[in-house]
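The values are calculated or read from the model by the stated rules, or taken from the named source; none is laboratory data. Nothing here was measured: the structure is a model prediction, and the numbers come from that model. Glycine also receives a Cβ, built like all others from the backbone with ideal geometry; neighbour counts cover every protein chain displayed. Accessible surface areas use protein heavy atoms only, side chains included; no ligands, DNA or RNA. Shrake-Rupley method; radii C 1.70, N 1.55, O 1.52, S 1.80 Å.
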Amino acid sequence: MLPEEIPAWRLLEETARGLAHLRGYREIRPALLEEVELFTRSVGEVTDIVQKEMFTLQKGESALALRPEGTAGIVRAYLEAGYASAAPLQRLFHIGPMFRYERPQKGRERMFTQFDVEVLGSLDARLDAEVIFLAAAFFESVAIKVKAPGFRIARGELEVRMNSMGDGDDRNTWKDAVRSFLAPTMAEHCELCRARFERNVLRVLDCKNPRCKELNAGAPAILEYLSAENRAHFERVQEYLRVLGLPVVIDSSIVRGLDYYTRTVFEVHAPALGARSALCGGGRYDHLIAELGGPDLGAVGFAVGFTSTLLLFNELKKIDPKETVFDEGPALVFVVSAGEGLESDVFRLAEDLRKNEISAVYDVEQRSLKAQMKLAGKGGHRYAVVVGGDELARGSVQLKDLEDGTQHELARVELVARLRAGGV
Ligand code: HAM
């Protein structure tokens, strides 16, 4: 990420942080390296992420992986910190890099940044609605904070799609139905699907192979199999989303690519991005804490991908994501020397300004006065402060406003106050 790109990244990060803090989420910074086993036990052994995309390294006895996602590491940290017994309800968030060995293409990178939000320790349906709303609020807030008056994400440019994965018996009945549906055409599926059919039939439904997708069309939907309890939970989530006024689309094709999900799953899509339209994905993972050695507490969360978010903003072409409130621009002052032997004076003056919270830079190439003034203008600095021998002797400097071209001599002691007041 080059300096030119940083304002856009800060926009995403600060927006995420601000929204999370407003809702009582605390920042957590989980490990970059985890034992491979953590991901095989959580994301699942028979998933694309674990089977194809994990960067792993073997050192002595340990098999380690660069984290491909954040949830598993956060649950591990939650358990090791003792939160499960001391303070089970934890609202946590994290912003940081994830690693997946995917074919690099538009919106897909091998190192990418996620805004990860997790609420651990409860089954309450309000929390599902809270995190779904937070994900949607994130995209709207980013749009608002971009320097483009009145820019909003219009209805239809983003779509929240939601489903339930059931849990326990209803999930097993559904899996059996999916298996019976797929069995007659299994021979026509790709090799990976055939292997997955035996070991984890739901992952057949994630296959991106066009032929497999055709064969998967019309597979039984979980919603027809949901137990009364899980259906009631799903309806409560929708009810709470109505309370907040957030429209969602129920989409039974959403099964997510990670094994830990139970009940609510959701994705935020930007149809403008075509095949890779998911900006965000998440859902409940009610047994993961137990599977990793803790008590059986519920949890729900999501992760937003920053790469796809920036792509969307470019695609909508209404704004330049680099033009954000976080674009701090060049240093306010360029300190210029009007003669030889003044290097130390220029150097000291620049540091004096910085001490007073005024950003300043200077030339290090011994350029002529004219060349330095040109450089200051080109650099986009607002002021040039010219240090000259005669002025030095009088205890003054020249202050030039590079925007309107006015220039005055003023006492050195007045310089800081004058710059702060914003004038020559
Ligand atoms: P995920 O759907 O695998 O979920 O990833 C979430 C988002 O990360 C995707 O929607 C996408 O925007 C972005 N993303 C994924 N892979 C890449 C990539 N290679 N390059 C760029 N962006 C990418 C999870 O990771 C879950 N841990 C989310 C979660 C949190 N569920 C519950 N809590």
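Observations, loosely collected:
- Cα centroid separation - the stretch 272-320 against the stretch 1-35, whole Å: 14
- Extension gain for the segment Glu102 to Val325, taken as residue separation times 0.36 nm less the Cα-Cα distance, is 77.0 nm to one decimal.
- Extending 7 Å from the Cα toward the beta-carbon at both Asp390 and Arg231 defines two label points whose distance is 9.2 nm.
- Alpha-carbon centroids, the stretch 130-180 and the stretch 187-241: separation in whole Å: 17
- Other-chain or far-sequence residues with amide H under 5 Å of Met54's (modelled H): Tyr101
- Residue-wise HN-Hα coupling along the stretch 126-133, computed from phi with Karplus coefficients 6.51, -1.76, 1.60 (Hz; x: Gly, Pro): 5, 5, 4, 5, 4, 6, 5, 5
- Total charge dipole magnitude, the chain, about the Cα centre, Cβ charges on Lys, Arg, Asp, Glu only, Debye to nearest 20: 620
- GluC sites (Glu not before Pro) restricted to the stretch 308-397 and DSSP loop, no more than 12 other C-beta within 10 Å: Glu328, Glu340, Glu357, Glu365
- Local charge for Ala183 was computed over the other residues whose Cβ lies under 14 Å away, with Lys and Arg +1 and Asp and Glu -1, and equals +1.
- Phe55 - accessible surface, heavy atoms, 1.4 Å probe, Å² rounded to 10: 60
- Three-way shape label, the stretch 55-141, alpha-carbon gyration tensor, a/c 1.5: oblate
- Paramagnetic label zone (point 7 Å from Cα along Cα-to-C-beta, Lys208; backbone N under 12 Å) in the stretch 278-321: 278
- Treating each Cα of the chain as an identical point scatterer and summing with the Debye formula, the log10 of I(q)/I(0) at q = 0.06, 0.11, 0.13 Å⁻¹ comes to -0.37, -0.87, -1.09.
- Model label points for Glu343 and Glu45, set 7 angstrom from Cα along the Cα-to-Cβ axis, are 6.7 nm apart.
- Computed from backbone phi with θ = phi - 60° and the Karplus coefficients 6.51, -1.76 and 1.60, the 3J(HN,Hα) list for the stretch 378-392 is 5, x, x, 6, 7, 10, 10, 10, 9, 9, x, x, 5, 4, 4 Hz; x is used for glycine and proline.
- Simple rule: put +1 on each Lys or Arg Cβ and -1 on each Asp or Glu Cβ in the chain, find the dipole, and look at Ile358, Gln51, Leu311; the Cα lying farthest toward the positive end is Leu311.
- Cα gyration tensor shape of the stretch 333-420, rounded if a/c is under 1.5, else prolate or oblate by comparing a/b with b/c: rounded
- Potential lengthening between Leu89 and Arg179 on full extension [0.36 nm per residue; Cα-Cα distance subtracted]: 28.7 nm
- Backbone HN-Hα couplings from phi across the stretch 333-343 [Karplus 6.51/-1.76/1.60, Hz, Gly and Pro as x]: 10, 10, 8, 10, 9, 9, x, 7, x, 9, 3
- Rounded to the nearest 10 Å², the accessible area of Cys190 at probe 1.4 Å: 30
- For Ala63, distant residues with modelled amide H under 5 Å away: Val36
- Computed E for Glu27/Arg126 - FRET, C-beta separation, R0 25 angstrom, nearest 0.05: 0.65
- The slack between Ala137 and Glu357, meaning 0.36 nm per residue of separation minus the straight C-alpha distance, is 75.8 nm.
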